[in-house]
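Scroll down for the structure; my scribbles are underneath it.
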Amino acid sequence: MKFIYKILFCSIIILSLALGLSGYLLVNSVFQSALEREVEQALNDSTILRFAFETAALNVPTKYDLLQDAAVRQIGQRMESGSESGRKLRISDEGKQPLYQSEGFVGSDSVLEQITEQAKTWQIFPDNGRYYVQTGIVVNALDRNLYLEAQNDITAVFEERAKGFSVYRKVTLFMILASSALMFFFSTWLTKPIRLLTRATRRMTMGDYYYRARQVSDDELGQLTQDFNKMAAELESTIGELKDEITAREDFIGAFAHELKTPLTAIIGYADLLRSRKLDEEKQFLSANYIYTEGKRLESMSFRLLDIIVTKREQINPQEVSAETLFEYMRAMFRERVGDRLLISFDSGKVCAEVNLIKSVLLNLIDNAFKASGENEVVELHGRETPRGYEFLVIDHGIGIPEQEFKRITEAFYMVDKSRSRSRNGAGLGLALCAEILRLHNSELKIQSEVGKGTCMSFILPDKESYEEMD
């Protein structure tokens with residue numbers, strides 16, 4: 001059963017019970033008040049009847065010492081004929097035997113048995129669909145104790161109660177129907193956020209992670225909608241990251257397989273050439289050189305991959321070193337290879353880092369810069385103090401990088417110009433390694449480039465105080 005119908009049915013049940021119980025108590029209270037008035041009136045009438053009977057008995061001629069039974073019957077007839085309320089009488093002697101009884105008197109003998117001189121007796125009883133109140137009282141007349149009973153029809157009181165219940169049932173039914181319509185409207189309105197959340201959940205289970213539930217209130221359900229949408233946004237982001245990771249992994253596997261295939265094909269081909277035929281000394285040297293070159297490229301690629309895997313798993317222990325040490329190391333590494341084409345300038349200061357890892361980053365960045373530059377173009381390496389830490393900049397004036405490639409060049413095996421990179425023994429792993437090393441140093445690689453004008457790659461190493469705050 002839907003939640004809206006549960007609310008509706010529970011509300012109807014509670015309303016019905018409340019109206020039914022309150023109606024019963026109300027009508028019954030009115031009925032009891034009316035019944036008590038009728039009984040009180042009947043008891044008062046019995047007192048008046050006793051007074052009237054005793055007065056009439058005093059007016060009987062005193063021919064006898066005792067009031068005769070015939071006189072009692074005459075008094076009873078006169079009292080009944082003088083009544084306009086339809087009251088019925090019964091007068092009994094000392095032995096509680098009837099001396100006079102009105103026609104139609106259907107009273108209970110239990111009242112007669114209970115009559116005493118100290119108290120009035122009364123009883124309500126039904127007869128043939130009608131209701132009567134019967135009262136009994138002792139009458140003292142001319143030395144005789146007689147028993148006077150009166151019967152009054154109070155059917156009207158019970159009919160009023162039945163009418164009251166009938167009217168209240170109709171009113172209750174109308175109230176329930178009207179309230180049901182209103183409660184259905186309010187239930188629909190109150191449960192609207194739940195329906196919207198259900199729809200959003202169903203859409204998300206079908207793969208529509210961009211769908212969001214519409215917020216229609218500011219109460220707890222509205223807050224739940226906000227939290228759901230935040231959760232959906234996080235889920236969408238996570239799924240997007242997973243998809244990107246899966247795509248990157250597939251690209252990585254494809255690129256890795258391709259990078260393995262190219263040198264292996266050359267190695268196998270030249271090795272087969274060497275073993276299947278006799279070559280002259282020059283061709284033999286060229287074949288062996290191709291095998292050696294491609295083997296070194298595979299070795300370099302393997303070491304780079306291993307470095308990336310290690311940097312993803314290890315924690316670093318940064319130490320303060322002089323910035324001059326790093327720059328002099330770079331100068332020495334590239335002096336024989338490029339001569340004066342590497343221009344270095346730096347501010348004196350301290351660098352907080354894992355030295356060997358940062359050396360690897362700088363070596364890769366400078367090496368890539370020379371690969372992207374012409375034969376006689378220079379590459380610049382700068383260092384400077386900043387409020388955030390020590391900044392390194394590697395600048396070349398080569399071919400540049402298209403802006404749409406910025407996000408992917410740090411992926412393993414990704415190369416902007418694959419033919420150019422392979423011709424220079426590149427495998428697309430250097431920048432991926434740099435990105436991982438800088439991540440361990442709470443830094444990141446910044447790229448500024450323009451096609452045909454060159455590239456600037458920079459990163460900032462936080463100072464020692466920043467590392468301590470991060471810890």
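The values are calculated or read from the model by the stated rules, or taken from the named source; none is laboratory data. This is a predicted model, so every value here is computed, not measured. Every residue, glycine among them, receives a Cβ derived from its backbone with ideal geometry; neighbour counts consider all protein chains shown. Quick note on the areas: whole protein, heavy atoms, side chains included, nothing else; ligands and nucleic acids left out. Shrake-Rupley method; radii C 1.70, N 1.55, O 1.52, S 1.80 Å.
Summary table below
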quantity: 0 to 90° range, to nearest 10: angle between helix 155-190 axis and the chain longest Cα axis; calculated: 10
quantity: Selection from SER322, ILE291, LEU279, by position along the positive dipole direction of the chain (Cβ); calculated: LEU279
quantity: Cross-link pairs beyond the 32 Å C-alpha cut-off, checked among LYS230/LYS407; LYS2/LYS230; LYS407/LYS464; LYS88/LYS163; LYS192/LYS243; calculated: LYS192/LYS243
quantity: LEU242-VAL355 FRET efficiency (beta carbon distance; Förster radius 35 Å; 0.05 resolution); calculated: 0.45
quantity: From the coordinates shown, Kirkwood radius over Cα pairs in Å corresponds to which of [x] 34.1; [y] 24.8; [z] 23.8; calculated: [x]
quantity: Debye, to nearest 20: dipole size of the chain, +1 on Lys, Arg Cβ, -1 on Asp, Glu Cβ; calculated: 1620
quantity: Heavy-atom accessible surface of the chain: percent carbon and sulfur, 1.4 Å; calculated: 54
quantity: Accessible surface, the chain, averaged per residue in Å² (probe 1.4 Å); calculated: 61
quantity: Largest-first ordering by accessible area, 1.4 Å probe, given options LYS6, LYS350; calculated: LYS350, LYS6
quantity: Structure-based [θ]222 nm, the chain - -39500 (n - 2.57) summed over DSSP H runs of at least 4, per residue, nearest 500; calculated: -20500 deg cm²/dmol
quantity: Stretchable slack from GLU117 to ARG214, in nm (0.36 nm times residue separation minus alpha-carbon distance); calculated: 26.5 nm
quantity: Protection-proxy order for peptides 37-48, 169-180, each taking the mean of Cβ atoms within 10 Å per residue, highest first; calculated: 37-48, 169-180
quantity: Cα long-axis angle, helix 220-276 against the chain (0 to 90 degrees, to the nearest 10); calculated: 30
quantity: Cα lying deepest toward the dipole's positive end in segment 140-212, options LEU196, SER179, THR155, charges on Cβ; calculated: LEU196
quantity: At R0 = 45 Å, FRET efficiency that the Cβ-Cβ distance of ILE194 and GLN41 yields, to 0.05; calculated: 0.15
quantity: Cα centre as origin, Lys/Arg/Asp/Glu Cβ charges: segment 58-213 dipole, Debye; calculated: 2040
quantity: Protection-proxy order for peptides 130-141, 316-327, each taking the mean of Cβ atoms within 10 Å per residue, highest first; calculated: 130-141, 316-327
